[in-house]
Amino acid sequence: MKGFTIKSVAGAVLVLASVASAEDLTIVSRVDMGGGKTSTSTQYLAKDKIRTSDGESGTIFELASGRMVIINDKKKEYYETSVQDLAAAMQKLQQQMGEGPMAAMFGKVGEVKVTKGTEPKKVAGYDTEHWVLDMGDALRFDVWAGPALEVPTQYYEARKSMYAAMGPMGPRFQKMVEEMRKVKGFPLATCVSAKMAMVKINTLTEATEVKK
């Protein structure tokens, strides 16, 4: 998809992880992708719309309709898509994976084990609980969720649909998000460890400020 990068998806995903159904929020987060690569993402959250921006790219998401606007700030360009279109792309990708070469390269989508972690911490002024979502060697999420912040009903389906832009890794992340329903509260920080073919990726996202 033109202009739809993993970076923009990550920003949108973080936004959806931080929406309060009762009040508007502005959330500033630090994203560390390893190798000295860091960025700051700002999210603006309302009951019907969500916007995120990191200065180079951003998204606007309408919760009721599923409409998405993907913005490239550097090129001054944008295009539109929808959760429905992304869900269809994900289904097509899963059919293509099957038992073919991509499945052999990236591995099958396995079962996810959800356990309570042992490293709770305070994130952006909120007490959080530590959870670990594990799909063997393929994928691991360490999640620090704030029970004081309620997850809206649209959160899970919208976040799953966005992973359609991640190619062969998409189905794995989609399965992890489905299991995140077992985690109470908003994920204010996540550490994602993923193995894609012979490449390992570690990304830490943590909120530094939550303004109501």
Please give the per residue accessible area of the range 28-81, computed with a probe of 1.4 Å over protein heavy atoms only, in Å². 57 Å²
Can you list the residues of the range 174-212 with backbone N under 16 Å from a point 7 Å past the Cα of E150, pointing along Cα to Cβ? 184-187
Too long at a 21 Å Cα-Cα cut-off: which of K37/K113; K49/K122; K75/K195; K122/K211? K37/K113; K49/K122; K75/K195
Rounded to the nearest 10 Å², what accessible area does K75 show when all protein chains are kept and the probe is 1.4 Å? 140 Å²
Distance in nm between pseudo-label sites at D24 and K74 (7 Å out along the Cβ direction from Cα): 3.0 nm
From highest to lowest solvent-accessible area (probe 1.4 Å; ligands, DNA and RNA excluded), I201, I71 read I201, I71
Fully extended contour minus Cα-Cα distance, from D137 to T203, at 0.36 nm per residue: 22.2 nm
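The values are calculated or read from the model by the stated rules, or taken from the named source; none is laboratory data. For clarity, every value in this text was computed on a predicted model and none was experimentally measured. Backbone-built Cβ (ideal geometry, glycine too); neighbour counts: all protein chains shown. All accessible areas refer to the heavy atoms of the entire protein, side chains included, with ligands and DNA or RNA removed. Shrake-Rupley method; radii C 1.70, N 1.55, O 1.52, S 1.80 Å.
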